[in-house]
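Comments concern the structure below.
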Amino acid sequence: MFVSIIQDIGITSLVSGGLALILVIAQRYLNDYGDCKIDINGKRLITLKGGSSLLNALSENQIFIPSACGGKGSCGTCKCQVLEGGGPLLPTEKPLLTTKEMTGNVRLACQIKVKSDVRIHIPESIFNIRRFQGVVSKIEDYTYDIKGVIITLTEPETIDFKAGQYVQLETPIYAKVRQKVGRAYSISSDPGNDRQIQLIIRYVPEGICTTWVHQYLNEGDQISFTGPYGDFFIRDTSADMIFVAGGSGKAPIKSILEYLSRVGTTRRMRYLFGARTCKDLYLTGEMHAFEQVFDDFEYIPVLSKPCPEENWQGRIGYVMPVFPELITDPANTEAYLCGSPAMIESVKKALIELGVPKDRIYYDSFG
């Protein structure tokens, strides 16, 4: 009986080991796509070992397509035209593409696996995006869950960006995290200082990048990022402007206001900042200070659930009901929004209903 049990265990182990070996061999050969070529805009040809995502393949060759979610297929920002070799459209892509985009061969670069030669088209501006190295010069606690991080550039030593744009911070391998990831964060500093950038980063529980920033990053640490990215910058018009933000969404608007305070403007501007309680407010004095800089600017924080002990004397509720009071000429108004996807959608709907042109509503939605 005992011998029989030992024999059964031995046979089971041999079978399991054999199956594992077969799987390893099969994976090696089935996933060996050989050398593949990526034709970019008919101007540049990249040859690489097949098997990685199109997003990663381009990044490894210093071509950085925006990807706010780090390649998870949830943000929909890594769009490019795939003219040949992309394979069938995947179910993970369809919810993030419009009908026009799908018929125009637009795909998500993070969802396409390079298995054969691929021909793509990307905006020429992407070729200007670079990888930067820097040193963390200062980390400051703004609230219990928001930090300001100043990075001094080392390689290259300067960056050219527009107020409102963002970069993708690259995390190293740390603690139990065994993979490097990239996450998008808006620059909060004035482009006039091209040797430094400031980021405002809110802690997200279990977030790989925010956990690294909030719990492991120290002043003096080396850091890398790519950029600049994004079309969230002020348009050169005379239209009224309304800014709406929440949480770390204050970052790009702070950059825009610092830029405008340096170059000057006479435009009518209103800034609504939504938060839950007083402890979620930060840089309030700095924002009110702009009221003394500009001819026609007002900063209005709005709390949705102020605590009784806070004795809050400001606005209570949500930002949308305040729009009719602040927007006096909807047809001649530009809106600049930064916050969660849910906030963006609610604010967009209210603005459009009020008469603000849809094509004058600009936003970065990181979620």
In region 124-177, GluC sites (Glu not before Pro) in a DSSP loop with at most 12 other beta-carbon atoms within 10 Å:
Glu157
Compactness of region 107-176, expressed as Rg and Dmax over alpha-carbon positions, Å
17.1, 49
If you fit an axis through the alpha-carbon atoms of helix 250-263 and take the longest principal axis of the Cα set of the chain, what angle between them do you get, 0 to 90°, nearest 10?
50
In whole angstrom, how far apart do the alpha carbon centroids of region 139-190 and region 84-121 sit?
29
Diffing region 153-169: the Karplus 3J(HN,Hα) column from phi (6.51, -1.76, 1.60, θ = phi - 60°), in whole Hz with x for Gly and Pro, holds 6, 10, 8, x, 8, 9, 9, 10, 9, 9, 4, x, 6, 10, 10, 10, 6
Residue by residue, what Karplus-based ³J(HN,Hα) values in Hz, rounded to whole numbers, does region 117-124 have, using 6.51, -1.76 and 1.60 with θ = phi - 60° and x for Gly and Pro?
5, 10, 10, 10, 9, 10, x, 4
Amide H neighbours of Asp364 under 5 Å, counting only residues 5+ apart in sequence or on other chains, H built in-plane at 1.01 Å?
Leu337, Gly339
The answer for the net charge of residues other than Gly73 whose Cβ lies under 13 angstrom from its Cβ, with Lys and Arg +1 and Asp and Glu -1, is +4
Between Thr154 and residues 5 or more places away or on another chain, which pairs have amide H atoms under 5 Å apart, with H built 1.01 Å from N, and which residues are they?
Gln133, Gly134, Val135
Karplus 3J(HN,Hα) series, Hz, for region 174-185 with 6.51 cos²θ - 1.76 cosθ + 1.60 (x for Gly, Pro):
8, 6, 8, 7, 9, 9, 8, 9, x, 9, 8, 9
Length released on extending from Ser52 to Tyr144, taking residue separation times 0.36 nm less the Cα-Cα span:
29.2 nm
Percent relative contact order of the chain, based on C-alpha pairs within less than 8 angstrom and at least six residues apart?
13
Springs between alpha-carbon pairs under 10 angstrom, Gaussian network model over the chain: which of Gly285, Gly274, Gly246 fluctuates most?
Gly285
Based on the Cα gyration tensor of region 184-264, what are the three equivalent ellipsoid semi-axes, each the root of five times an eigenvalue, rounded to whole Å and given largest first?
27, 16, 10
Considering only DSSP beta bridges with both partners in the chain, what is the antiparallel share in %, to the nearest 5?
60
Against the 2.2 N^0.38 Å rule of thumb, the C-alpha Rg of region 225-275 sits at a ratio of 1.22
Kindly identify region 152-225 as rounded, prolate or oblate by the Cα gyration tensor criterion: order the square roots of the eigenvalues as a ≥ b ≥ c, call it rounded if a/c is under 1.5, otherwise compare a/b with b/c, prolate if a/b is larger, else oblate.
prolate
Potential extension, Tyr33-Trp312 segment - 0.36 nm per residue separation minus Cα distance:
94.2 nm
What does the charge add up to near Val204, with Lys and Arg as +1, Asp and Glu as -1, over the other residues with Cβ less than 14 Å from its Cβ?
+2
Could you tally the net charge around Pro172, taking each other residue with its Cβ under 10 Å from the Cβ of Pro172, Lys/Arg +1 and Asp/Glu -1?
-1
Can you compute the helix-only [θ] at 222 nm over the chain? Use -39500 (n - 2.57) per DSSP H run of at least 4 residues, normalise by all residues, nearest 500 deg cm²/dmol.
-7500 deg cm²/dmol
Given Cα positions, please report Rg to Rh for region 240-365, the hydrodynamic radius being the Kirkwood one.
0.94
On the first, second and third principal axes, largest extent first, how far apart are the outermost C-alpha atoms of the chain in Å?
87, 56, 43
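Where a number appears in this text, it was derived from the coordinates with a stated rule and is not lab data. Bear in mind that the values here come from a model prediction, so they are computed numbers and not experimental data. Neighbour counts run over all protein chains shown; Cβ positions are idealised from the backbone, glycine included.
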